[in-house]
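Read the figures in this text as sums done on the coordinates, not as results from a lab. Here the structure is a predicted model, which means the values were calculated and not measured. Cβ sites come from the backbone with ideal geometry, for glycine too, and all protein chains shown count toward neighbours.
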Amino acid sequence: MKIKKAVAVCICLAVLLCACTGNGDSELSSGAMSDVTEGDISSSVTETVTQEETKREIKLVPVTADDIPEFSGGAKKTVYDCGDGVFMRHVTMVLKSEFESYLNKLGGLGFVAVNERVSGNTRFVTLAKDGMSLIASYFGNDKSVRLIALPYDSYESYSDIYLPPESPPDAAEPMFTMVATNFTSKINGMSYIIRTPAGSFIIIDGGWSGEGEAKKILDILNAQKLDDGIPVVAAWIITHPHSDHIGAIAEMASFYYDEIRLERVICNFVNDELMLASDAKAMLNAGSGFVAILRSALASPARWGNAYNIKPHTGDVLYIDGVTLEILHTHEDVYPEANALLYNNANSMAFRISAGGHSALILGDLSGKYMNAIADRYGSGMSADILQPTHHGRTHGSVSVYKLVSPSVVMWDASLASYNEYKNETYNKYLIENIPRHYISENGTVTVSMKTLEEIK
């Protein structure tokens with residue numbers, strides 16, 4: 001299988017500056033945190049990459065909130081450091097006409113609209129100018145505007161994952177696998193694997209470190225791959241930096257890094273300052289922290305140094321080896337609720353992932369309040385065939401959201417004990433009584449076809 005390496009800069013991509021990026025081969029200590037953020041973007045970064053044997057020189061020019069043109073209209077206006085060289089201006093109580101006027105203003109300033117998406121009552125427009133991309137979003141549910149500035153070289157250098165393929169691959173049956181995480185010593189844990197139509201893999205989270213999850217994932221990849229080579233992981237997506245979600249990728253990075261070919265890590269964490277104040281600070285504040293371990297591996301040429309680090313934003317649509325990934329929620333949507341930004345379940349990335357004619361909705365551990373917010377934002381755009389109940393089915397569920405999703409299959413990333421304990425919650429009872437098929441991860445690894453939704457034995 002021929003592997004394409006995507007160009008590392010695009011309109012919705014903060015490359016080399018993502019929350020998973022590191023600065024050296026050694027694991028980071030708490031004293032090195034400032035080097036991960038400000039130090040990396042203080043000057044232009046140049047990298048030469050190869051895509052289909054064509055070399056390109058990529059220059060990343062730092063941007064600041066001051067590079068975002070002022071918005072006329074609205075009420076309260078604030079600035080948020082999203083981390084990794086990304087900045088956001090947030091405006092409340094905005095009229096649609098004010099947003100349209102702003103887009104016209106951007107055009108007059110030389111910004112070129114290169115992508116637009118409307119979903120429900122939300123509009124996303126991505127524009128480009130002078131070494132910067134700007135994502136301008138209008139959220140009709142709360143009448144707010146978010147203007148996110150990202151560094152990039154030119155819109156002609158967009159990563160090919162942001163462009164729909166002319167001829168989607170069709171080498172393999174796309175499959176969705178729920179990994180049976182180990183609940184012997186710890187509750188929770190979440191791990192899903194998608195085999196793409198190209199025969200590569202997309203991994204979502206991974207479960208705990210030290211519970212055998214990394215080795216179990218590796219065994220599944222080897223069992224489902226098409227050829228004799230090492231498995232190609234086109235993307236490893238991390239919903240949020242809690243141990244039961246990020247632990248396995250850190251373990252893979254430490255012990256099995258040379259047994260997979262990792263092309264991308266996709267995540268959107270809060271900036272390091274907030275991370276160190278959050279309920280996931282242990283993931284970052286020492287060399288033994290899982291985020292630090294991952295950063296070290298991604299910075300090391302001997303390990304995963306060739307993998308790209310992608311920080312997606314709400315409204316982004318990514319195309320990876322015949323799979324479509326729609327980003328529905330990131331921590332940037334939580335702002336300006338400062339206290340909530342310290343709670344990583346609220347910051348959990350939510351997305352819909354589609355292949356083979358069917359889709360799966362991944363909610364991570366997203367809190368009920370923000371589940372309802374994205375339902376207000378997208379309406380029927382939340383629908384999916386496969387549902388991962390939020391927070392392992394334990395808390396935060398929403399009947400109204402699950403009704404919008406209207407899945408055919410529910411994949412419970414939960415132990416049987418947890419399932420039995422929480423199955424009588426109103427939102428879980430709705431799923432149990434109205435959705436035809438249910439699988440619990442403790443009962444064993446389950447794989448379903450994304451073409452037929454039938455279980456593959």
On full extension of the chain, what length is gained from Lys451 through Glu70, given 0.36 nm per residue of separation minus the C-alpha to C-alpha distance? 132.5 nm
Give the value in nm², to one decimal: projected area of the alpha carbon convex hull of the range 317-447, averaged over all directions. 8.3
If you average the C-alpha positions of the range 88-123 and of the range 362-383 separately, how far apart do those two centres end up, in angstrom? 23
The range 65-160 - convex hull of alpha carbons, volume per residue in Å³: 100
Taking 1 over the mean of 1/r across every pair of different Cα atoms in the range 220-286, what Kirkwood radius in Å do you get? 13.5
Where Rh is the Kirkwood radius over Cα pairs, Rg/Rh for the range 191-248: 0.98
Roughly how many debye, to the nearest 20, is the charge dipole of the range 65-160 about its Cα centre, given +1 on each Lys and Arg Cβ, -1 on each Asp and Glu Cβ, and no other charges? 540
Which entries in Lys403/Lys429; Lys216/Lys457; Lys216/Lys429; Lys429/Lys457; Lys369/Lys403 show an alpha-carbon gap greater than 20 Å? Lys216/Lys429; Lys429/Lys457
Scan the range 86-175 for GluC sites (Glu not before Pro) in coil per DSSP, keeping those whose Cβ has at most 11 other Cβ atoms within 10 Å, and list them by number. Glu166
Taking a crude spin-label model, label points 7 Å out from Cα along the C-beta direction, the Met93 to Asn306 distance in nm is 5.5
Across all Cα atoms of the range 174-270, Rg and the largest Cα-Cα distance (Dmax), in Å, are 12.4, 39
Positive dipole terminus of the range 80-196, leading residue within Val114, Asn104, Pro151 (C-beta point charges): Asn104
